[in-house]
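Some notes on the structure that comes next.
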Amino acid sequence: MELNRITQKVQDARITEKQYRSLKDRLSYSSLKLYDNDRASFFKQLILGETPKEKTSFALVLGSLIHCLLSGEDCFDSKFHLLSAIEPVGQMKLLCDNLVERTFKTLDDEGRQMDSFETLFGDAFLATKFDAAGKEVNFKGKTVEKALELFSNKDPELYYRECIDARGKMTITASALDFAENTIIKKLREHPFSADIVNAQTSGEVEVFNELPILFDIEEVPFKSMIDKLIVNHGTKTIQPYDYKTSWDSESPENSYIKHSYYLQSGLYNVAIGEWAKEHKLENYLISPMSFVFIDTNGFNAPIVLTLTQNDLDRAMRGFVYRTYKYAGVNEIINSIAWNLETGNWTTTKTIYENNGIVPLRIAYGSRN
């Protein structure tokens, strides 16, 4: 049957998420967003190959866990480590996390530690005790020796050792896993706003793809996109993409759409799905604009499904003005990156260069001002 042929072809060509993440020579929504927000960081990371300094927050881990659980894929064991040690709290938790981060910094290519534990612990202690301004904020009045005494041969050290052993995976506690499964995911699967989306599975004339990686080019520039959920209806000849969002800080979804540059994602993913449809001989299918499913990771608010129109997609590609500020679209950012690559000039953008460094102030002042 046609359905099986398409599904099998996708499965045969599918790359793993780890392989997808390793494709550093391809741009993505995240890299377009990085360029738009911080061109210097884009240059350092994507051109020079510098590794960004990242801290894994609980919100990030929980968001990744929710995506994993919603995908329907058997990905937990490959991405997460379920902690058996008791997780510390307060300043000791900060110290342990700083110690884990400091430990990973000086591991060689074979995983051997280059510094002594005394050096690691001392550096982590100072990073925890003082803030960026040098003000004492934790372990007030306590020495590094006292902190080491509170750490050694107790729950904090067991927690630290387990985190080190779980290198390459995100650590999660049993209580956090239970909360994700039995509060957040349960609500999403049962709530009338989201149930039809998250519970959708391949059946009859409908094919469903979760965590679908797509590799494609835009004017010879290589790109990659990972679609959280793609529903293909062969009866109605429609394709509907969805993306799960767990970071929106209880803001309105419209504000999050602008603040987190989700418009770049919607535009780029629409191009990706169009190329995917051509590859699978579905070019006559109607590709609906991306819908974003906003998920409250506190487990209180009902899910929200933010839908877009073709007009939203057009503006995402060409750019738009919102509250007097001009937002660059996918096409402008790609063209600017191409110009930077061609000229080797990363100190400015193509638009600013062509305007001789002049940026006119355009503020729509109200009539009463």
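Can you list the GluC sites (Glu not before Pro) in region 63-153 that are in a DSSP coil and have 10 or fewer other beta carbons within 10 angstrom?
Sparse-neighbourhood loop GluC sites (Glu not before Pro): Glu110.
Can you tell me the Rg and the Dmax, both Å, for the Cα atoms in region 129-248?
Calculated on Cα positions, Rg and Dmax stand at 23.6, 70 Å.
Where the centroid of each part is defined by its Cα atoms, how far is region 82-116 from region 27-48 in Å?
Cα centroid to Cα centroid, the span is 28 Å.
Can you compute the charge dipole magnitude of the chain about its Cα centre, using +1 on each Lys and Arg Cβ and -1 on each Asp and Glu Cβ, nothing else charged? Give it in debye, rounded to the nearest 20.
Using Cβ point charges on Lys, Arg, Asp and Glu, the chain gives about 920 debye.
For Phe292, Phe300, Phe42, Phe193, what ranking results if the residue with the fewest other Cβ atoms within 10 Å of its Cβ goes first?
Details: Phe292 24, Phe300 9, Phe42 21, Phe193 14.
Ranking Phe292, Phe300, Phe42, Phe193 by Cβ neighbours within 10 Å, fewest first, gives Phe300, Phe193, Phe42, Phe292.
Work out the FRET efficiency for Met114 and Lys278 from their Cβ-Cβ distance, taking R0 = 51 Å, and round it to the nearest 0.05. List each step's numbers first, then the result.
Numbers: r = 50 Å, r/R0 = 0.98.
Efficiency for this residue pair is about 0.55.
From Cα pairs below 8 angstrom and at least 6 apart in sequence, can you work out the relative contact order of the chain, rounded to a whole percent?
Computed value for the chain: 16 percent relative contact order.
Match the structure shown to one of the listed values (1) 1.14; (2) 1.02; (3) 0.95 of Cα Rg over 2.2 N^0.38 Å, computed from it, and give that label.
(1)
Have a look at Leu282, Leu148, Leu306 and tell me which one the Gaussian network model of the chain (Cα, springs below 10 Å) gives the largest fluctuation.
Leu148
Tell me, what is the percent relative contact order of region 84-172, built from C-alpha pairs under 8 Å that lie six or more residues apart?
It rounds to 40 percent for region 84-172.
What net charge do the residues around Ile231 carry, taking every other residue with its C-beta under 14 Å from that of Ile231, with Lys and Arg at +1 and Asp and Glu at -1?
Details: positive: Lys229, Lys237; negative: Asp196, Glu205, Glu207, Glu211, Asp228, Asp243.
It works out to a net charge of -4.
Which of Ser28, Ser194 comes first, and how do the rest follow, when ranked by fewest Cβ neighbours within 10 Å?
Ser28, Ser194
Could you give the length gained on full extension between Asn233 and Lys186, defined as 0.36 nm per residue of separation minus the Cα-Cα distance, in nm?
Working: separation 47, 0.36 × 47 = 16.92 nm, distance 2.57 nm.
Stretched fully, the Asn233-Lys186 segment lengthens by 14.4 nm.
Laboratory data are not the source of any read-out in this text; all were calculated from the coordinates shown. Just so we're clear, the structure is a prediction, and the values are computed from it rather than from any experiment. Cβ sites come from the backbone with ideal geometry, for glycine too, and all protein chains shown count toward neighbours.
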